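The values are calculated or read from the model by the stated rules, or taken from the named source; none is laboratory data. Here the structure is a predicted model, which is why all the values come from computation and not from measurement. Positions of Cβ are generated from backbone atoms using ideal geometry, with glycine treated the same way; all protein chains shown enter the neighbour counts.
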Amino acid sequence: MPGREYLLFLRELPEQNVAEYKVDLEDKFYRAYDGDRGAVALPDAANPERPYTFVTPLVEAVRAFCEAVKARDADAKISNLGAIREKFPYAAWRESVDAAIGDFQRQKARQSQRQ
């Protein structure tokens, strides 16, 4: 819907029958998980609604993560992720943040080796 923001849960298409759309066939294409149920409208001030109980904490976590990795360089991203690591009391959250920190540290190490 125009003017709304959505959280999309995507899955890779098992068969990439997209030749008719004249797109680069080397790219990966995704479909919303389980059809339109994979698109969750985010609550906002213009369209207040009672969100499902899982949406609010999930959206907050996704937003926090996205904000943390908006920084330009790997050091800032690592620092930002470290600052939000304990923001949510879920082991899976901390594991995800730790994995992202590890990825940025590896990326930084590869860049250092190239120089």
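Points worth noting:
- Residues that are over 24 Å from residue 40 (Cα atoms) and at pLDDT 90 or above number at least 1 in the following helices (runs of 4 or more DSSP H) confined to the range 54-115: 74-84, 91-114.
- Residues being over 17 Å from residue 7 (Cβ atoms) and either touching a residue at least 60 places away in the same chain (Cβ under 8 Å) or surrounded by 14 or more Cβ atoms within 10 Å (Cβ to Cβ) (or both) - total across the range 80-102: 9
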